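Each value in this text was obtained by applying a stated rule to the coordinates, not by laboratory testing. Just so it is clear, the model here is predicted, and its values are computed rather than measured. Quick reminder, even Gly has a Cβ in these numbers, built from the backbone with ideal geometry, and neighbours come from all protein chains shown.
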Amino acid sequence: MFAQFPGPLAAFVASGGALVISHQRGGSDLGSDWADAGRGSQKQNSYDDLYAIAEHLLTTDLTSTDRLAVTGWGNGGIMAGAAFAQRPDLWAAVVAQCPILDLVGSHRDPYGKFAISYEFAGFDTPDEVRRLAGTSPYQLVDDNTPYPWFYVHAGAIDSACPPGQTRKAVARIQAAVGPDTPALLRIWDGVGHGMASSRSEAVLHTTYWLSFLMKRFRMTPATNMTPATHPM
């Protein structure tokens, strides 16, 4: 994915939030070597890049762990799930959008078996499966670790990231975090991997997870935002 400004987060920024776009190995915009350095057997590099960015924000006093969140969509949703499970100490909240949260179990789905094998690891050797399990929230979550608030949304007809395995993973996370830490799941009916089919639906989907973050940070929505205008 190329670096871009996610427009809906303008509401978050206008309400007093700050936005940081992480630039990690694995993206396509700096060539194949850069992408391959965050893919396959090197996938952990991509996550370690994210944690280094978060730690820089903390050590430079730009934020604190009780005011830091991470989100991503698709592959970025998988990243957010990994960040939740591998480094729960960094975040106050994590939002995983359209993720795969059980990387090992994804071999049961045709697309998951193809995509996970290409991007992360295969399923044919113990070493590959162990590497998958080392980044998979379903396998990593345990009952004795404090976790941040967690919100996941997915499409009910998403063939790339099937909601069944997401339900299973979130149920496991809910059992681990207990009733005092929100771990919420929203499955949108009639929606696939592209999420909303109309602008109004996209606004609704975004409103849900932004509301989750702003509640976590006790933020008040801005009331003086001017709607954007576009030429005909």
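What ranking, highest mean first, results for peptides 148-159, 165-176 when packing means the other Cβ atoms within 10 Å averaged over each residue? Intermediate values should be presented prior to the final figure.
Numbers: 148-159: 21.7, 165-176: 18.6.
For the peptides 148-159, 165-176, the packing ranking is 148-159, 165-176.
Gln42 label point, 7 Å along Cα→Cβ, cut-off 19 Å on backbone N: hits in segment 13-30?
Residues 23-30 qualify, since their backbone N sits under 19 Å from the label point.
Quick one: helix 43-59 against the long Cα principal axis of the chain, what's the angle to the nearest 10°, folded into 0 to 90?
For 43-59 against the chain, the angle is about 40 degrees.
So for Val95, Val20, fewest C-beta neighbours within 10 Å to most, what's the order? Don't skip to the answer; put the middle values down first.
On the way: Val95 26, Val20 13.
Listed from fewest to most nearby Cβ atoms, that is Val20, Val95.
Note the angle between two axes, namely the Cα long axis of helix 110-119 and the longest principal axis of the Cα atoms of the chain, as a number of degrees from 0 to 90, rounded to the nearest 10.
Approximately 90 degrees, to the nearest ten.
If one takes the longest principal axis of the Cα atoms in the chain, at what angle in degrees, from 0 to 90 and to the nearest 10, does the Cα axis of helix 199-216 lie?
For 199-216 against the chain, the angle is about 90 degrees.
Throw me the Rg/Rh for the chain, computed over C-alpha atoms with Kirkwood Rh, two decimals.
Values: Rg = 17.5 Å, Rh = 18.3 Å.
Rg/Rh: 0.95.
Lys/Arg Cβ at +1, Asp/Glu Cβ at -1, dipole of the chain taken about the Cα centre: which of Trp188, Val152, Gly31 is farthest positive-ward?
So the residue we want is Trp188.
For Ile100, list long-range residues whose amide hydrogen, built 1.01 Å from N in the peptide plane, is under 5 Å from its own amide hydrogen.
Ile78
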